[in-house]
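Below is one structure, written out as C-alpha cells; comments come after it.
The values are calculated or read from the model by the stated rules, or taken from the named source; none is laboratory data. Since we're looking at a predicted model, the values are computed, not measured. Ideal geometry is used to build each Cβ from the backbone, glycine not excepted, and the neighbour counts take in all protein chains shown.
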Amino acid sequence: MEEIRNKVIIITGASSGIGEKTARRLASEGAKVILVARRKDRIESLAKEINSNGGTAFSIVADVTDKDACRKIITQSKEKFGNIDVLVNNAGIMLIGQWNEADVEEWEKMVKVNLLGLMYMTHAVLPEMNKNKKGHIVNISSVSGRTTKPGSSAYNSTKWGVNAFTDALRQELAQAKSGIRTTLIEPGAVETELITHNKPEIQERLNKNYTNMVRLQPEDIADAVAYAISRPSRVSINEILIRPTEQVG
C-alpha cells in the first residue's frame, strides 16, 4: 500500500457531501488536503476544524468553471505545499427534468460544472504531475454515467462525458508511461444535498424513488477514494461502481 500520509490532495466541491467527507477521511489518514469550493464560510470552517484536530488543511475559494481560477488553484497549492499528488474532481450539480420542462441554462450550468470544470482542473494539474512522473486523478462521476432514464438526459450526458474523458485520458497517460493514474468512481444514490438543487416538485419526485431504499452515505464514497489512492504505484484502480444494495438501475 502507498502511504496516504503527507500526500498533497486537492478536493473540489469540498464544502459538503462527498467532498467534505473525503477531505475529513484523507486528513485523518495524514494527507494535506486542499479544500476547493465557492462557499467560503464552509470550507474555511472545515479547514479550521481539520487543523484544530491535528490535521493539515488549506482552503481556496474558487469556481472550477473558470479556467483561470483552476490554474490559480494549482499555483496556490504548489506555493503552499510544494507539490500535488492527487486531484479529486468532485464538484458537481444534478438538475433533473424532462426536455419540455427543462431550462436550457440549467443544461449549460451542468455541462460547465460537471464536465468542463473537471476537464479544466485536470488540464491545469497534469503538467505538474507529468513533471514529477507521478500523480493520481480521481473523477467522481455517477451510475448515471453508464445508465440512462427519462428526465435525466442532460445530467446523463455530462456524466457519460466524464466517463469517456477519464478512460481516454487513462489510455493517453498509460501510453506515454507518465506514471499518472486515473480512477473513475460512479456512485448510485447517495444521501447528499444534490437533490435540493432542484425545484420542489422534482425533489418530491426524486425522494419518492428512494422511499424504500437505504441510500449510500458520503463516507462510503470517501472510503472508495482512500482505497484507490492507497494502492501500490503499479496498481491503477480504473473504475469503481458503487450502488446501494437495494438500487436496481
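When Leu35 is tested against the conditions (1) surrounded by fewer than 22 Cβ atoms within 10 Å (Cβ to Cβ); (2) of a type outside the set (Lys, Arg); (3) free of Cβ contacts under 8 Å to residues at least 60 places away in the same chain, the lone failure is (1). Looking only at the range 224-249, residues that are loosely packed, with under 15 Cβ neighbours inside 10 Å and under 19 Å from Glu29 (Cβ atoms) come to 4 in all. For the range 88-123, give me each residue that is over 18 Å from Gly161 (Cα atoms) and touching a residue at least 60 places away in the same chain (Cβ under 8 Å). Across the range 88-123, the qualifying residue is only Gly97.
For the range 111-138: of the residues being assigned to a strand (DSSP E or B) and of a type in the set (Val, Ile, Thr), which is farthest from Ala228 (Cα to Cα)? Talk me through it step by step, then tell me what you get.
Applying the first criterion (assigned to a strand (DSSP E or B)) to the range 111-138 yields 135-138.
When the remaining residues are screened for being of a type in the set (Val, Ile, Thr), the result is 137-138.
Details: Ile137: 10, Val138: 8 Å.
Ranking the qualifying residues of the range 111-138, first place goes to Ile137.
A single entry from Val125, Val104 fulfils the requirement of being at pLDDT 95 or above, among the β-branched types (Val, Ile, Thr) and more than 23 Å from Glu219 (Cα to Cα): Val125.
When the residues of the range 189-231 are filtered to those that are among the aliphatic types (A, V, I, L, M) and over 14 Å from the mean Cα position of the chain (by Cα), which remaining residue is modelled with the highest pLDDT? Among those that are among the aliphatic types (A, V, I, L, M) and over 14 Å from the mean Cα position of the chain (by Cα), it is Leu216.
Restricting attention to the range 171-198, the residues being surrounded by fewer than 20 Cβ atoms within 10 Å (Cβ to Cβ), in contact (Cβ under 8 Å) with a residue 60 or more places away in the chain and not hydrophobic (A, V, I, L, M, F, W, C) number 3. Number of residues in the range 232-249 that are at pLDDT below 95 and touching a Ser or Thr at 6+ places or on another chain (Cβ under 7 Å): the value is 1.
In the range 139-249, counting only helices (runs of 4 or more DSSP H) that sit wholly within it, the ones holding 1 or more residues that are more than 26 Å from Ile10 (Cβ to Cβ) span 153-175, 200-209. Does Asn90 satisfy the criteria of being farther than 19 Å from Ile18 by Cα and of a type outside the set (A, V, I, L, M)? So Asn90 does not fit the description; no.
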